[in-house]
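Heads up, the thing below is written out as structure tokens.
The values are calculated or read from the model by the stated rules, or taken from the named source; none is laboratory data. Every value quoted in this text rests on a predicted model; they were computed, and no experiment measured them. Cβ atoms come from the backbone with ideal geometry, glycine included; neighbour counts cover every protein chain shown. Surface accessibility is based on the protein's heavy atoms, side chains included, excluding ligands, DNA and RNA. Shrake-Rupley method; radii C 1.70, N 1.55, O 1.52, S 1.80 Å.
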Amino acid sequence: MLGIIGGSGLNDLANLEVTRREVVRTPYGEPSAPLLFGKLAGREVVFVARHGHGHTIPPHEVNFRANIWALQAQKVACVVSVASVGGIRADLSPGVLCVPDQILDYTYGRRHTFVSRDDGTVKHIDFTHPYCERLRQDLARAAQAAGEPLLMGGTYATTQGPRLETAAEINRLERDGADMVGMTGMPEAGLARELDVRYAALTVVANWGAGRASSTQGIEMNEINAVLKTAMARVRRILEQLVVQ
Ligand code: HPA
């Protein structure tokens with residue numbers, strides 16, 4: 001069964017036929033929202049709204065451990081994380097969909113691991129390639145089948161938020177090798193790897209990074225919301241193709 005973590009603008013999957021809602025408790029607390037089980041294009045999927053159903057949980061307060069643990073406990077083998085980002089690379093303009101292949105982590109103070117001294121042994125996961133390559137390629141094929149353009153590859157920088165970046169920070173991120181910036185890529189991807197859950201991100205560029213192009217004077221939340229609204233319909237079409245593959 002496919003797990004989907006929906007971010008800003010994808011708090012509800014409009015084309016998900018919900019069959020069951022389940023409030024799941026985990027050793028790490030409650031997930032952001034009840035898990036929604038349902039059918040997407042006739043196939044079973046489970047969905048969790050990363051920021052809660054009413055979009056009330058800010059990025060730094062998301063219980064990433066509970067979300068990943070809860071999905072894994074439902075025997076979910078693959079998770080697609082849908083997340084909005086700011087574009088830094090020239091071809092990552094608002095409205096573009098992308099499947100990143102690398103991560104930079106600038107977050108702090110988040111509960112970022114399941115590893116604890118109580119486990120007896122210290123585990124160091126391999127994270128050279130942070131996303132599942134097979135799932136990334138499945139997404140590429142799904143987008144092709146859906147007729148939706150999708151950019152493959154890019155480095156997703158995760159900032160702490162909830163504030164957006166300064167123009168200088170975006171310049172620094174670019175020098176660091178970042179192509180896009182969001183606030184939820186980590187620790188989510190690392191936690192999925194710790195539990196051996198195959199995980200890939202489908203990012204939606206909502207705006208230009210601060211100080212760039214249409215964001216030269218600032219970032220307008222209204223514009224972000226308008227971009228996300230249309231892009232998310234395209235995301236849904238890709239996910240439908242992914243589950244029928
Ligand atoms: N910065 C960080 N996170 C984001 C952005 C951004 O510009 N846009 C959407 N999520």
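If I filter segment 30-51 down to residues being surrounded by 16 or more Cβ atoms within 10 Å (Cβ to Cβ) and over 23 Å from Leu195 (Cα atoms), which single residue comes out as farthest from the chain's Cα centre (by Cα)?
Residues of segment 30-51 that are surrounded by 16 or more Cβ atoms within 10 Å (Cβ to Cβ), as a first pass: 31-38, 40-41, 45-51.
Subsequent filtering for residues that are over 23 Å from Leu195 (Cα atoms) retains 38, 40-41.
Values: Gly38: 20, Leu40: 19, Ala41: 21 Å.
Restricting to residues being surrounded by 16 or more Cβ atoms within 10 Å (Cβ to Cβ) and over 23 Å from Leu195 (Cα atoms), the top hit is Ala41.
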Pick from segment 79-103, criterion within 30 Å of Leu35 (Cα to Cα) and surrounded by fewer than 18 Cβ atoms within 10 Å (Cβ to Cβ), ranking: nearest to the ligand (Cβ to nearest atom) = Gly95
Matching residues in segment 52-78 (open to solvent by less than 10 Å² (accessible area, probe 1.4 Å) and within 15 Å of the ligand (Cβ to nearest atom)) number 0
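Mind checking whether some residue in segment 16-29 is within 19 Å of Leu139 (Cβ to Cβ), open to solvent by less than 60 Å² (accessible area, probe 1.4 Å) and among the hydrophobic types (A, V, I, L, M, F, W, C)? I'd like the intermediate steps shown before the answer.
If we filter segment 16-29 for residues that are within 19 Å of Leu139 (Cβ to Cβ), which is where we start, we get 16.
Subsequent filtering for residues that are open to solvent by less than 60 Å² (accessible area, probe 1.4 Å) retains 16.
Narrowing the set further to residues that are among the hydrophobic types (A, V, I, L, M, F, W, C) leaves 16.
Within segment 16-29 (the criterion being within 19 Å of Leu139 (Cβ to Cβ), open to solvent by less than 60 Å² (accessible area, probe 1.4 Å) and among the hydrophobic types (A, V, I, L, M, F, W, C)), the answer is yes, since at least one residue qualifies.
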Taking segment 209-221 and the residues there that are among the hydrophobic types (A, V, I, L, M, F, W, C), open to solvent by 40 Å² or more (accessible area, probe 1.4 Å) and on the phi < 0 side of the Ramachandran plot, the one that is nearest to the ligand (Cβ to nearest atom) would be Ile219
Within segment 191-205, can you find the residues that are among the small types (Gly, Ala, Ser) and either open to solvent by 10 Å² or more (accessible area, probe 1.4 Å) or at pLDDT below 95 (or both)?
-> none
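Within segment 169-185, work out how many residues are away from the ligand (no atom under 11 Å from the Cβ) and buried (at least 23 other Cβ atoms within 10 Å of the Cβ). Break it down into steps so the answer makes sense when it comes.
Residues of segment 169-185 that are away from the ligand (no atom under 11 Å from the Cβ), as a first pass: 171-172, 174-177, 179.
Restricting the remaining residues to those that are buried (at least 23 other Cβ atoms within 10 Å of the Cβ) gives 179.
Result for segment 169-185: 1.
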Quick check: is even one residue across segment 134-153 open to solvent by 30 Å² or more (accessible area, probe 1.4 Å), within 27 Å of Arg65 (Cβ to Cβ) and within 16 Å of the ligand (Cβ to nearest atom)?
-> no
Residues Thr159, Thr166: which one is β-branched (Val, Ile, Thr), within 14 Å of the ligand (Cβ to nearest atom), closer than 23 Å to Glu61 by Cα and open to solvent by 60 Å² or more (accessible area, probe 1.4 Å)?
-> Thr166
Would you be able to say whether some residue in segment 222-232 is free of Cβ contacts under 8 Å to residues at least 12 places away in the same chain and either over 13 Å from the mean Cα position of the chain (by Cα) or open to solvent by 20 Å² or more (accessible area, probe 1.4 Å) (or both)?
-> yes
